[in-house]
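Worksheet: the structure to be examined is printed underneath.
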Amino acid sequence: AKGGAQGFKISNLMKLAQTKTNHGTTLLAYLVSSMEKLNPDMLQLEHEFPSTKESARKSGTQMTTDFKKLERGVTLVENVIKIGLGQGDNSFKKLEGFRDDSKAKLARLTERYEQMDANFKSLVTFLGENPGRMDNEKFFTLIDQFQTTFCRTIETVRKEKERKERVLKKEAEKKLRDAARSARAINRSRTSGTRRGPSN
């Protein structure tokens, strides 16, 4: 590729639908047409990412805030139990089971959250973006917008293909009618000549 480029950023996806080819169609329409001819399975993009709309509505900032609240809640329960037992109130022992269960669940949640965050950052980096600037809302909104545009482009390309096929069919039918008309005219001419016979 020119300049040694090997790909493009995910944020540039929508430019495919804006960049025109020499034939007047968009680059995305050209790609869709090529994929439909060479590898139609590649057009199943919406089935590859079925959860983008839902993911785009999930705020990474809000998830982090909620997670911190859970951490503070577990810490608060643990401190209350310590204070109560320190004051000789053994009734707080009844809360130890709840505390231990909450800490175990929080530990599992922490592990899953950290794994999710690492996977997301790895994906964003792989797609050429800066994880520090691309949050999950923006990322999945871009994917969702592209999916929508991609599906609309498929529909447009197929409608244009059907239109061209109808035009070609009409042209072919017209040529057949013209050929048949010419054949009948020639036949009438020959018949007319035969009936008149040779002139003296």
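Since every read-out is calculated from the coordinates, none of them should be taken as a lab result. Computed from a predicted model, the values in this text were never measured in an experiment. Please note: Cβ atoms are built from the backbone with ideal geometry, for glycine as well, and neighbour counts cover all protein chains shown.
Brief remarks on what is shown
- Rounded tilt (10° steps) of 136-196 against the dominant C-alpha axis of the chain: 10 degrees
- Descending by average beta-carbon neighbour count within 10 Å, the peptides 22-30, 144-152 line up as 144-152, 22-30, the highest first.
- Over the chain, the Kirkwood radius and the radius of gyration, each from Cα atoms, give a ratio Rg/Rh of 1.45.
- For Thr26, the amide hydrogen comes within under 5 Å of the amide hydrogens of Thr21, counting only partners 5 or more places away or on other chains and with H modelled in the peptide plane.
- Over region 34-119, the fraction of Cα-Cα pairs per 10 Å bin, rounded to whole percents and listed from the shortest bin up, is 14, 27, 21, 16, 11, 6, 4, 1.
- A helix-only calculation puts the chain at -24500 deg cm²/dmol for mean residue ellipticity at 222 nm, using -39500 (n - 2.57) for each DSSP H run of at least four residues, averaged over all residues.
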